[in-house]
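For reference, the structure is listed below as structure tokens.
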Amino acid sequence: MTDSNIDPSAAPTRPRERDLPADRAFVCDDCGARWYYDRRRCPDCGRSSTDAATVRLETGTVVATTTVETTPPDVRAPNHLALVRFDGVQVTAQAADGDLSPGDTVRFDGSHRLRESRERTDPRLLAVDDD
Amino acid sequence: MLLTIRTGMPTDVRVSGVGMTPFESDSRGSLVDLAATAAERAIADAGIDPSDVDALHFGNALAEALDESAGLANALAAALGLDGASADRIENTSATGASAFHRGVETLESGVESGDVEGGEDDTVLVVGAERMSAGDTRDVTEAISRLVHRREYAQGITLPSFGGLAAGAYLDRHDAPREALAAVAAKNHANAVDNPVAQLRKPIDVADALDSPVVAAPLRLYDCCPMSDGAAAVVLTRSDSASRSDPRVAGIASATGTHAVAERPDPLAIDSVSAAGERVFDRAGIDPDDVDVACIHDAFTVLELIELEELGFYETGTAWEATLDGETALDGDLPVNPGGGLKARGHPLGATGLSQIVELVWQLRGDLSEARRVAGAETGFAINVAGFGNNSVCTVLRA
């Protein structure tokens, strides 16, 4: 039996992923694998995620898009969304506008509020101009 | 995978009675009243007495979120006079009804719930699913449903219709399918509901109506989405030793989970929980998709009917839309899909939906329905009920 089984003070304090901004993914200290949606262990090597670091996502490629007109209470409408493939993770997140298409290159940008009643802000997906 | 998959082992459980309430936008009476009405109809249909029931499984998804009380299974057992029966509540979001049904089948297969000392021959299980989504105002219900997604998705304002929109856009784009293909699913399912007295939306619509309805999550429009509903459905399950030979048999039932966060699926059009549950159920029932005569598919959004038909092996990837436009999935087609109107038009009271699919299949397999509603000569029925946007799928095969 390990200490954490019996000692409440040894309970792990995991990163609070709900508080992480949209542009950050977790990265495994041991093997470097990335994940975005919470898990207790690295999906590749199984190391505990308790002290996993986070990394800022750079540019990604749009897989699919939608513009939601009927949003839940408190959420601004329209809510432009895109499913985007980044290095090692795939993410659904807000986009700055409804102009994205599959195949576009995007990055996270700015600081925007989604729900009127909450302070939380997130960066949104923005097209990167291809030169 | 740490899974024990039983192969080639159809169950000996039969559905000996079914009943449901009409699905509607705003029912009168309490949640337990609604459930009890469906339960009494199933008990009467089975020709048993409430005291014969050994176990009750009650499916309900949103009671607490909508400020109704917990302890629902006990309240229902008392209302029905099932004193002494074992009872519990099952919750699996949109697939709550099918999960309750799955539990009921397992209860009978395990044989441990018999109320009589003699053993398993007379085991009887009642499974009831009910939801009263009108219990909260639309804002509360929408908020409760929006919290079914992963919390990091919730933080982005993502909802189940958002996933429907992303998948629909990807489907049309990848398969070069016309927008009309989605509208055709809605028009078909509305047409099937017109003559179904328990359906919520019995209004025929055509493809043009669907294409004109307001955008919900582009390219999905209002008529691509199921309504919010009140309703209840119930079944009585019995071991085949005591059941009538004309009672449809549960040839197979299987569940599977998938990723919670939809973005973690490498392909947004591949829903692993659907394909895994489908493979398992066909394996257990010892049949192929080709053997199915009638199917109830979880069409919370029109695009889901197309994707699930492909993931389950009824159609090759990228071809279900053409089959739909060609009428293959209509009531008189090669594979009638959602003959009762589906979630789209029969309605989607979360806890009742999966059981209403079973009720529909039993009516079809027993030949209870009018000619306008009947799939001629149906002997094998299939149902899939899906939680969230593919977080957890439950598949059932019934045989006449």
B:GLY258 in contact with an Asp or Glu (Cβ under 7 Å, 6 or more places away or on another chain) and not hydrophobic (A, V, I, L, M, F, W, C) | yes
Residue in segment A:69-87 that is nearest to the other protein chains (Cβ to nearest Cβ), counting only those that are surrounded by 16 or more Cβ atoms within 10 Å (Cβ to Cβ) and farther than 17 Å from B:GLY164 by Cα | A:VAL75
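Results for (1) surrounded by fewer than 24 Cβ atoms within 10 Å (Cβ to Cβ); (2) in a helix (DSSP H, G or I); (3) modelled with pLDDT under 95, shown as yes or no for each residue.
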{"position": "B:ASP299", "(1), (2), (3)": "no, no, no"}
{"position": "B:VAL303", "(1), (2), (3)": "no, yes, no"}
{"position": "B:THR317", "(1), (2), (3)": "yes, no, no"}
{"position": "B:ALA323", "(1), (2), (3)": "yes, yes, no"}
{"position": "B:GLU328", "(1), (2), (3)": "yes, no, no"}
{"position": "B:ASP334", "(1), (2), (3)": "yes, no, no"}
{"position": "B:PRO339", "(1), (2), (3)": "no, no, no"}
{"position": "B:LEU343", "(1), (2), (3)": "no, yes, no"}
{"position": "B:HIS348", "(1), (2), (3)": "no, no, no"}
Residues of segment B:166-190 being more than 19 Å from the chain's Cα centre (by Cα) and of a type in the set (A, V, I, L, M, F, W, C), in sequence order, are B:LEU166, B:ALA167, B:ALA168, B:ALA170, B:LEU172, B:ALA177, B:ALA181, B:LEU182, B:ALA183, B:ALA184, B:ALA187
Within the set of pairs 6+ apart or on separate chains, which have a first residue in segment B:1-27 that is among the acidic types (Asp, Glu), a second that is buried (at least 24 other Cβ atoms within 10 Å of the Cβ) and at pLDDT 95 or above, and C-beta atoms under 8 Å apart?
-> B:GLU24/B:GLN200; B:GLU24/B:SER229; B:GLU24/B:ASP230; B:GLU24/B:GLY231; B:GLU24/B:GLY347; B:ASP26/B:ASP230
Going by the conditions given, is A:THR54 away from chain B (no Cβ under 12 Å), in a loop (DSSP other than H, G, I, E, B) and in contact (Cβ under 8 Å) with a residue 24 or more places away in the chain?
-> no
How many residues does segment B:123-175 hold that are farther than 21 Å from A:VAL91 by Cα, without any contact (Cβ under 8 Å) to a residue 24 or more places away in the chain and of a type in the set (Ser, Thr, Tyr)?
-> 1
Of all residues in segment B:121-157, count the ones that are acidic (Asp, Glu) and under 30 Å from B:PRO50 (Cβ atoms).
-> 4
Per the filter on segment B:131-157, residues in a helix (DSSP H, G or I), at pLDDT below 90 and either of a type in the set (S, T, N, Q) or touching a Gly at 6+ places or on another chain (Cβ under 6 Å) (or both) are B:THR138, B:THR142, B:SER146
Inspect all residues belonging to segment B:236-251 and state whether any of them is aliphatic (A, V, I, L, M), away from chain A (no Cβ under 14 Å), surrounded by fewer than 21 Cβ atoms within 10 Å (Cβ to Cβ) and more than 26 Å from B:THR37 (Cα to Cα).
-> no
Options B:ALA232, B:ALA208: the member that is among the small types (Gly, Ala, Ser) and touching a residue at least 40 places away in the same chain (Cβ under 8 Å) | B:ALA232
Answer yes if at least one residue in segment B:217-235 is more than 24 Å from B:LEU350 (Cβ to Cβ), assigned to a loop (DSSP other than H, G, I, E, B), away from chain A (no Cβ under 14 Å) and out of contact with any His (no Cβ under 8 Å at 6 or more places or on another chain), and no otherwise.
-> no
In segment B:344-383, which residue that is touching a Leu at 6+ places or on another chain (Cβ under 8 Å) and of a type in the set (Ser, Thr, Tyr) is nearest to B:CYS225 (Cα to Cα)?
-> B:THR353
Looking only at residues in segment B:126-156 that are of a type in the set (Val, Ile, Thr) and in contact with a helix residue (DSSP H, G or I) (Cβ under 8 Å, 6 or more places away or on another chain), which one is farthest from the other protein chains (Cβ to nearest Cβ)?
-> B:VAL127
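Listed here are the residues, each with its yes/no results for (1) modelled with pLDDT of 90 or more; (2) surrounded by fewer than 19 Cβ atoms within 10 Å (Cβ to Cβ); (3) within 10 Å of chain B (Cβ to nearest Cβ); (4) in contact with an Asp or Glu (Cβ under 8 Å, 6 or more places away or on another chain).
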| site | (1), (2), (3), (4) |
| --- | --- |
| A:THR65 | yes, no, yes, no |
| A:THR92 | yes, no, yes, yes |
| A:ALA96 | yes, yes, no, yes |
| A:ASP109 | yes, yes, no, no |
Output yes when any residue across segment B:362-370 is aliphatic (A, V, I, L, M) and more than 15 Å from the chain's Cα centre (by Cα), and no when none is.
-> yes
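The values are calculated or read from the model by the stated rules, or taken from the named source; none is laboratory data. Please read these numbers as outputs of a predicted model, since none were measured by experiment. Here Cβ is always computed from backbone atoms with ideal geometry, including for glycine, and neighbour counts include all displayed protein chains.
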